[in-house]
Structure formats: structure tokens, C-alpha cells
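Asker: Structure in C-alpha cells, see below.
What follows draws every value from the coordinates through simple rules; no lab data is involved. What you see is a predicted model, and the numbers here were worked out from it, not measured in a lab. Cβ: placed from backbone, ideal geometry, glycine included. Neighbour counts: every protein chain shown.
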Amino acid sequence: MSILSETYSNVLFIISLETLELESVLIMQDDIKSISWNPNNDICIFSTGNKRLYIYASEEASVCDIPEFRQDLFAHKVKWNEAHPT
């Protein structure tokens, strides 16, 4: 489970559903625009409106750059493909 604070919209709190304890705090430079959890596992993707997608899985975070083939392509909203969520 994740919580996005209205006061600090650049901070994402990850809560463990098993223990209901704080698992991680992710602090971004920009405000978080969109968050989506994979319906089949504990992987979260989120975006800040830039040319990157951010991935969180089991206390591990990664960044995926959007290819530069289009200068006007930015990640504002993320969503898992329900037909193929993995």
C-alpha cells in the first residue's frame, strides 16, 4: 500500500500490508503525478511528469528512462495493462 501526502506531494510512503508498518519512504525532486500497483504482485510504478518511470518492488527502487525518440513525450499517468499486468 502507498500513501501520498497532500502536504509533501513529492514523498511516497510505502506501507507493508502484512505488518502495517512503514516499509520505505521515497523522496522525489518533483511532485508525484501518478501511482499504479501491479494487481498480481507487489510492484509499484509511478511518475513525476518527466521522462522517467519509477519502479518500486520489495524495498528496491529503480528508474527507467523513456527513450528520446520524441521530445514531447513525458510520463504524467501510469497504469498497468490489465490484460498483461506482469
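Asker: Closer than 16 Å to residue 74 by Cα, surrounded by 11 or more Cβ atoms within 10 Å (Cβ to Cβ) and touching a strand residue (DSSP E or B) at 6+ places or on another chain (Cβ under 6 Å) - does that describe any residue in segment 24-33?
Answerer: Yes - at least one qualifying residue is present in segment 24-33.
Asker: Within segment 35-85, work out how many residues are among the aromatic types (Phe, Trp, Tyr), over 17 Å from residue 24 (Cα atoms) and in contact with a Cys (Cβ under 6 Å, 6 or more places away or on another chain).
Answerer: Within segment 35-85, residues that are among the aromatic types (Phe, Trp, Tyr), over 17 Å from residue 24 (Cα atoms) and in contact with a Cys (Cβ under 6 Å, 6 or more places away or on another chain) number 0.
Asker: Condition first: exposed (fewer than 12 other Cβ atoms within 10 Å of the Cβ) and farther than 19 Å from residue 12 by Cβ. Now tell me which residues in segment 77-86 satisfy that.
Answerer: Hits for segment 77-86 are 81, 82, 83, 84, 86.
Asker: Does residue 50 qualify as being surrounded by fewer than 16 Cβ atoms within 10 Å (Cβ to Cβ), under 16 Å from residue 77 (Cα atoms) and in contact (Cβ under 8 Å) with a residue 12 or more places away in the chain?
Answerer: Here the answer is no, as residue 50 does not meet what is asked.
Asker: Let me ask you something else. Can you list residue pairs whose Cβ atoms sit under 7 Å apart, with the first residue in segment 10-26 being over 24 Å from residue 49 (Cα atoms) and the second being not in a strand (DSSP E or B)? Count only pairs 6 or more apart in sequence or on different chains.
Answerer: 17/1; 23/16; 23/59
Asker: Got a number for residues in segment 26-76 being among the β-branched types (Val, Ile, Thr) and within 14 Å of residue 9 (Cβ to Cβ)?
Answerer: 4
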